[in-house]
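Notes follow once the structure below has been shown.
FYI, it's all coordinate maths here, none of it is from the lab. For clarity, every value in this text was computed on a predicted model and none was experimentally measured. Cβ placement follows ideal geometry from the backbone for every residue including glycine, while neighbour counts extend to all protein chains displayed.
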Protein chains: 2
Amino acid sequence: MNQRRNPSAPAAKRRPRAQPKRAPGRPLADSPDQRLRLLDAALVCFARVGMAATPLRAIASEAGVTPAMLHYYFGDKSQLQQAVITERLLPTFGRLRETLMQTDGDVAALIAAFVRGIEVIVTEHPWLPSLWVREVLCEGGALRELLVNQIAPALPLMLAQRFAMAQRQGRVNADLDPRLLVVSLIGLTMFPAAGAPIWRRIFDADDIDAATLRGHTLALLDRGIGVG
Amino acid sequence: MNQRRNPSAPAAKRRPRAQPKRAPGRPLADSPDQRLRLLDAALVCFARVGMAATPLRAIASEAGVTPAMLHYYFGDKSQLQQAVITERLLPTFGRLRETLMQTDGDVAALIAAFVRGIEVIVTEHPWLPSLWVREVLCEGGALRELLVNQIAPALPLMLAQRFAMAQRQGRVNADLDPRLLVVSLIGLTMFPAAGAPIWRRIFDADDIDAATLRGHTLALLDRGIGVG
DNA sequence: AATTTAATTAAACATGTATTTAAATACGGA
DNA sequence: TCCGTATTTAAATACATGTTTAATTAAATT
C-alpha cells in the first residue's frame, strides 16, 4: 500500500495588524491600566480559540503589546489564566447565584428566574457560553474543577434541593429526577446559547430573538415539570 | 507594582509506557493491520484531549509506534483527522439517521426513537459525546462544517419539518418553535451524555443509570410538548 | 537465490511557543 | 536636578511539535 504525497494544507496567514513599533521604555503617565487591558485581550482570545489553544503572542498582539508584558504582569501562562478566571468569570456566576437566592416563590418562579438570569448573563457577556463549553464541558477543561468545587455547591445543588422539596409536596411530576432536572435546565439554556451560531445557520433562524427563545424554553419546562 | 516570581507550575509527567524498543524493519507477516490500530489510537486521543490538541506523538505512543508511521499511512495530520472522521464518525451518525427515517409514528414515537437512538450510540461509542462537544460545539471545531453540510440536512432539518407538521395538525403545543424543539432535544440528550462525568460528581449520582435518564427525559419531553 | 518492494525506526530539520535576560525610557521622590 | 524604580521592548534560550530523510528489516517477486 502506497501513501499519497499531497503537500496541500494551505496555512491561513495571520493579519499583520500594522503595529506602530513602539520603542521600549516606561510609558507616559496618562497611559491606561495595562493589566486590565491584558485581561480583556485574554478573554477575547480565550472565547475565540480556547484557553489552552491561545498562544501568549495572540493575547499580546490583541492588546498591541509584547509577550514579555504578560510575564511582567502575571508571572506565567497559568497565572494569567487564573487571573482571568477569578477576576472576570467568578463574579459573573456569583451574581446569578445572588439573584436565584433571592427568588423564593414556587418552582415555576425559580425556573423563570434561572432562564431569565442566563439570558441576561449571555447578553452581557457573549463570550461566556463559548468559554463554558470549552473549559467546563470539554474533558480537561481548565474550569471544570472550579465549577465542581466552587460554583456547584452554590447553584446546582441548591436548585436540586428545591426541586426535590417541591416534588415531595406534589408540585413536580413524580417521573422526574430532581438532580437530572438541573441538568435539563442547563441543557435548555446554556447549551442553546452556546450552540446558537450553529442552529441559526442550520435552520436559517435569524428571526428567533431572545424573547422567542425564552418563550419556547419556559413553555417546554412549565408543562414538562408540572403535575398532570 | 512588583510581579511575583513564583516558579511553581508542577508539570505533570507523561507515563514512560515502557516501550519494547523494537528495531526498524518490516514486521512479520502475521502482524495486525496497523492502519486500523492507528485510527483506534487516534480516536482514543481525540476523545481525551481533542483533535486539535492531540500531538501526533501522543497517537503514536498510544499505538506503541513511531510518529513517522502516521505520515506513512496518512500523509499528514489533517489527512489523519479526515480519515478518522469519514471512517469512524460519519457511519455512526448515518445509522442514527436510518433508524429515524424508518420511524413513522406520531411525534411521541419519533422523540422516543431519537432519545433511544442517542442512548444506543453513546453506549456503543463512549467517545462520541466528548468529541461532539469539542469538535462541533466549540468554535473552530474541526467537525462543525461537516455537521452543517452533511449531517444537518439529513437529521435536524428532517426533525424540524416533522415537528412543524405535527404542530399544524394541533398535536404539538403552539407555544413551541419546531426548530428550537430540535435544539431542545439535543440539549436533553447529547448534552447530558457529554456532561455526565460532571453531574455525576456534583450530585454524587452513581445511582442514575441509562433507563432512569431516559425515563426522566421522556417524561419531561412528552408532557412539555403535548397540547394541554 | 537474487532482487525489488513494503513497513518500520532513529535521527535530523524547521517552525512555533513559553520564558528569561538585558537594555531602554519615563516617572517620582530626594 | 539627579537617581532609583517602574514599565516596556528586543533579543536570546529552551523545548515541543509536524515533517522529512536515511537506514534497516522482512516480505514478495523473479
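Running a GNM on chain A with Cα contacts under 10 Å, which residue among A:Leu180, A:Leu159, A:Leu188 ends up with the highest mean-square fluctuation?
A:Leu180
Can you give the mean number of other chain Cβ atoms that lie within 10 Å of the Cβ atoms in peptide A:172-184?
6
Could you state the angle between the C-alpha long axis of helix B:190-203 and the longest principal axis of the C-alpha atoms of chain B, as a value from 0 to 90 degrees rounded to the nearest 10?
80 degrees
With a cut-off of 8 Å between alpha carbons and a minimum separation of six or more residues, what is the relative contact order of the stretch A:79-226 in percent?
Once normalised by length, the contact order is 26 percent.
Any chance you could tell me what percent of the C-alpha pair distances in the protein assembly as shown go past 35 Å?
Value for the protein assembly as shown (Cα pairs over 35 Å): 39 percent.
Report ³J(HN,Hα) in whole Hz for each residue of the stretch B:116-133, in order, from the Karplus equation J = 6.51 cos²θ - 1.76 cosθ + 1.60 where θ = phi - 60°; Gly and Pro get x.
5, x, 4, 4, 5, 4, 5, 5, 6, 10, x, 7, 5, x, 3, 5, 4, 4
Given a cut-off of 29 Å, what percent of all Cα-Cα pairs of chain A lie beyond it?
The answer is 44 percent, as a whole percent.
Restricting everything to alpha-carbon atoms, can you work out Rg to Rh for the stretch A:131-182 with a Kirkwood hydrodynamic radius?
Computed over Cα atoms, the ratio is 1.13.
Where nothing but the Cβ of Lys and Arg (+1) and of Asp and Glu (-1) is charged, how large is the charge dipole of chain A around its Cα centre, in debye to the nearest 20?
That gives a dipole near 1160 debye.
Just to confirm the number: angle between the C-alpha axis of helix A:178-187 and the first principal axis of chain A, 0 to 90 degrees, nearest 10?
The angle comes out near 40 degrees.
Compute a Gaussian network model of chain B, connecting alpha carbons closer than 10 Å, and tell me which residue from B:Asp30, B:Asp207, B:Asp76 fluctuates the most.
B:Asp30
So what's the net charge close to A:Leu157: Lys and Arg +1, Asp and Glu -1, counting the other residues with Cβ under 12 Å from its Cβ?
Overall, the nearby charge balance is +3.
Put a label point 7 Å from Cα along the Cβ direction on A:Gly226, then list its distances to the equivalent points in the other copies in nm, shortest first.
1.4
In sequence order, what are the phi-derived ³J(HN,Hα) couplings for the stretch A:159-164 according to the Karplus relation 6.51 cos²θ - 1.76 cosθ + 1.60 with θ = phi - 60°, rounded to whole Hz, with x for glycine and proline?
In residue order, the calculated couplings are 4, 4, 5, 5, 5, 4 Hz.
Taking trypsin sites (Lys or Arg not before Pro) that fall in a DSSP loop and have at most 13 other Cβ atoms within 10 Å as cut points, what is the longest piece of chain A between them?
A:23-228
With angles folded into 0 to 90 degrees, how steeply does helix A:90-101 sit against the dominant principal axis of chain A? Use alpha carbons for both and round to 10.
10 degrees
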